[in-house]
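Here's the structure, in structure tokens; my notes come after.
The values are calculated or read from the model by the stated rules, or taken from the named source; none is laboratory data. No experiment lies behind these values; they were computed from the predicted model shown. Please note: Cβ atoms are built from the backbone with ideal geometry, for glycine as well, and neighbour counts cover all protein chains shown.
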């Protein structure tokens, strides 16, 4: 099994706040890794360190056997890493197709405009936005914008896809169809790390889960092991709603 | 100082600052020549008119674009600038005026100080102190700081942000008008004279940290000292080169200003 | 067919330039030629600025610095080294491009209003520097010797030649603008304009891309500077770096619609046309500045996307033609 991404003792601090402490894990190719934890546990910060938005204070990140610690987001994008954002960032005044073309043009395949346009149409078909290709991205609703974020990331044909709460704010049927989409992405051989609060989804589709609390890795393992880990339940007790959800899953 | 207030509170670069300074100059001029009132007494009507004008400009030109991209508010204030200069040019021509007034001079050791300048400096310090007290000690002042810090949160707590924004724009304008009035007591001026002071107030604002009244005073001091020292080493025509060079460098290195909080 | 579609946006702009060039030739009046030159110059400057402002979303308040700097370099080479107008124009453009490259590397890290402020500072610093720079004549500037015009058939003929050169530069500016707009590089710029962080995450190498946009937007203004001051006969710090002209160019781009090829052209046309009318009319002569200001205010407040942007929003089918 090839290791696609490896974090070795990554730490990040904001002023007095230790946002991440000594995060270490290996991610084999083709897996879906779930990243859970209470709000403010450092999940999004970890994404930001992985894809180069912030350099880590200490530790190394190795992506596809290259040390990529401290590289910029665009370097990592060009090496085959793509992500979505928790708070969507559509390019409002561009059309949906143009949004996705940006992903294809500047990602690691470095496509020209003609090919990018073809890829954009394929990917938009895949995420179910084919009917809206010529609309301005700003005119989409939230669920559609989330799909657009996903399409942009996929258009780069990445090796690694970071999904930051793609299910948040969606209704039940939207969640189900998004889960199907994620599984289909894995079938294409793309490795995924997803941050998610919707436990049903995390438990069902992740191969492995890492739990963060106050910037520390408090548990790691397959979904069953995580759900019965007392430390995890304890961490979530600060967030009763989530603890409840988690306990429900066990039943 | 008015610049830095408007900037800090609204995140708007006010390009109509210059002509308002010039209007302040003319305010003093007309009050002095028509009514013979002492220019320092004349400051009061100038300040009140400045406040009203500022509120008017805010309501007419700035309010609609305050949440729009920077470019919009820049252009809105620039169009106000054009309107004032255009009308001013038509009514007053661009030829220089002069307020013929002296407040004697004082000898301080070997340095002779013109009375008008000394009083201007005192009034400026008075205003800085007043502004500081206003911002930190009074209710509307605290509102202004709250709105500057986080407009959405301030609104949620029931602060009438539109009125507060209009008030701070008015205050900024008032300060510009007053400084114009003070400058008029010792320099000749024309309707176009505001432009160079506007550029200077950019530099001062950035030096001291935009949005920080005490910083503005320090910024002004630093600039004044620079203008005093540089001619000792090289020709005084190099002063603006240094000033604007410094301005760009500070923007790059410490956009919050020399005395601003570290971000 | 596909090529035709992609490049249909350039047709109208080229027609406008052609019409402007032919107008004085047909009427044969020198005054028309001067008006047309002013408009062509405005079109070239506005279209260039649009690459930075409209496509990349960075507001430069001191763009005129490239016009002045290029003009100075060109005139210096014309007088001291007796270069021809054409090589001097090229050199002026290159010099401005290089200046933009150096400045861009430094100040494009700043965002929003801080960038705008820095550009003002740079323009003023440059003006003050040239004022002290003896090689470029200090405060008196550089004056061309009359004999410079000899190779172009004397002063009168040189004016005619300058006019055609101006038309050529305007054409160059809009072709450049169009190529950028329809290229992959341009797509990267638009992505930066819409959301710089998102663009970075998608792999747009933002520092390099922004710097090249800055360079591209500086070259034609540098060349125009050389041409204008050649025609003018001399260059002084105050004529070379007028801050208000910077803002006038901004206004033109806004007026017509930023981020489109045609917008700045219409904006330049409308603004210069309006100014020409106001300056000469009996009634508005004195308050022309106020009238322009009031018009600008109305545009900013009510149709911030500019005329073309407004049309595009109203009538979606026009989107392709008005690219």
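The table that follows gives values for the structure above.
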{"item": "Yes/no for residue B:203 being assigned to a helix (DSSP H, G or I), more than 15 Å from the chain's Cα centre (by Cα) and at pLDDT 70 or above", "result": "no"}
{"item": "Residue that is farthest from the other protein chains (Cβ to nearest Cβ), among those in segment C:99-116 that are without any contact (Cβ under 8 Å) to a residue 60 or more places away in the chain and more than 15 Å from residue C:63 (Cβ to Cβ)", "result": "C:102"}
{"item": "Test: residue in segment C:280-290 that is part of a helix (DSSP H, G or I), within 12 Å of chain B (Cβ to nearest Cβ), touching a helix residue (DSSP H, G or I) at 6+ places or on another chain (Cβ under 6 Å) and at pLDDT 75 or above", "result": "yes"}
{"item": "Subset of segment A:116-131 [away from every other protein chain (no Cβ under 14 Å) and under 23 Å from residue A:171 (Cα atoms)]", "result": "A:124, A:125, A:126, A:127, A:128, A:129, A:130, A:131"}
{"item": "Breaking point among (1) assigned by TED's automatic domain parsing to the domain that holds residue A:22; (2) part of a helix (DSSP H, G or I); (3) at pLDDT 90 or above; (4) under 14 Å from the mean Cα position of the chain (by Cα), for residue A:153", "result": "(1)"}
{"item": "Only one of C:70, C:62 that is more than 14 Å from chain B (Cβ to nearest Cβ) and within 15 Å of residue C:239 (Cα to Cα)", "result": "C:70"}
{"item": "Selection within segment C:75-106 - more than 17 Å from the chain's Cα centre (by Cα) and buried (at least 24 other Cβ atoms within 10 Å of the Cβ)", "result": "C:75, C:78, C:88"}
{"item": "Output for segment C:200-259, where each listed residue is touching a strand residue (DSSP E or B) at 6+ places or on another chain (Cβ under 7 Å) and surrounded by fewer than 24 Cβ atoms within 10 Å (Cβ to Cβ)", "result": "C:233, C:234"}
{"item": "Scan of segment C:200-221 for residues that are at the interface with chain A (Cβ under 7 Å from one of its Cβ atoms) and either on the phi < 0 side of the Ramachandran plot or in a helix (DSSP H, G or I) (or both), ordered by number", "result": "C:200, C:201, C:202, C:204, C:205, C:206"}
{"item": "Residue match in segment A:35-44 (condition: surrounded by 16 or more Cβ atoms within 10 Å (Cβ to Cβ) and assigned to a helix (DSSP H, G or I))", "result": "yes"}
{"item": "Options A:89, A:83, A:60: the member that is crowded, with 16+ Cβ neighbours inside 10 Å and over 15 Å from residue A:161 (Cβ atoms)", "result": "A:89"}
{"item": "Residues satisfying the stated conditions in segment B:160-173, i.e. surrounded by fewer than 19 Cβ atoms within 10 Å (Cβ to Cβ) and at pLDDT 75 or above", "result": "B:162, B:163"}
{"item": "Residue list for segment C:112-138, restricted to those being more than 25 Å from the chain's Cα centre (by Cα) and outside any loop (DSSP other than H, G, I, E, B)", "result": "C:132, C:134, C:135, C:138"}
{"item": "Yes/no for residue A:114 being out of contact with any helix residue (DSSP H, G or I) (no Cβ under 8 Å at 6 or more places or on another chain), part of a helix (DSSP H, G or I) and under 21 Å from residue C:196 (Cβ atoms)", "result": "no"}
{"item": "Failed criterion for residue C:157 (all others in (1) more than 21 Å from the chain's Cα centre (by Cα); (2) crowded, with 21+ Cβ neighbours inside 10 Å; (3) more than 13 Å from chain A (Cβ to nearest Cβ); (4) free of Cβ contacts under 8 Å to residues at least 12 places away in the same chain hold)", "result": "(2)"}
{"item": "Any pair with Cβ under 8 angstrom, 6 or more apart, that starts in segment A:213-242 at a residue that is on the phi > 0 side of the Ramachandran plot and ends at one that is in a helix (DSSP H, G or I) and at pLDDT 80 or above", "result": "A:215/A:45"}
{"item": "Whichever residue in segment A:1-29 is assigned to a loop (DSSP other than H, G, I, E, B) and modelled with pLDDT under 90 and, among such residues, is nearest to the chain's Cα centre (by Cα)", "result": "A:2"}
{"item": "Residues located in segment B:46-92, provided they are more than 25 Å from residue C:246 (Cβ to Cβ) and at pLDDT below 75", "result": "B:63, B:67, B:91, B:92"}
{"item": "Boolean, residue C:186 is facing chain A (nearest Cβ under 10 Å), assigned to a helix (DSSP H, G or I) and in contact with a helix residue (DSSP H, G or I) (Cβ under 9 Å, 6 or more places away or on another chain)", "result": "yes"}
{"item": "Conditions (1) within 14 Å of chain C (Cβ to nearest Cβ); (2) under 15 Å from residue B:20 (Cα atoms); (3) at pLDDT 70 or above; number of the one not met by residue B:194", "result": "(3)"}
{"item": "Among residues of segment A:86-114, those that are facing chain C (nearest Cβ under 8 Å), over 18 Å from residue A:129 (Cα atoms) and in contact (Cβ under 8 Å) with a residue 24 or more places away in the chain, counted", "result": "3"}
{"item": "Selection from segment A:217-239 of residues that are in a strand (DSSP E or B) and surrounded by 18 or more Cβ atoms within 10 Å (Cβ to Cβ)", "result": "A:217, A:219"}
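Residue by residue, here is whether (1) touching a helix residue (DSSP H, G or I) at 6+ places or on another chain (Cβ under 6 Å); (2) surrounded by fewer than 24 Cβ atoms within 10 Å (Cβ to Cβ) holds:
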site: A:97; (1), (2): yes, yes
site: A:109; (1), (2): no, yes
site: A:118; (1), (2): no, yes
site: A:125; (1), (2): no, yes
site: A:133; (1), (2): yes, yes
site: A:146; (1), (2): no, no
site: A:158; (1), (2): no, no
site: A:163; (1), (2): no, no
site: A:168; (1), (2): no, yes
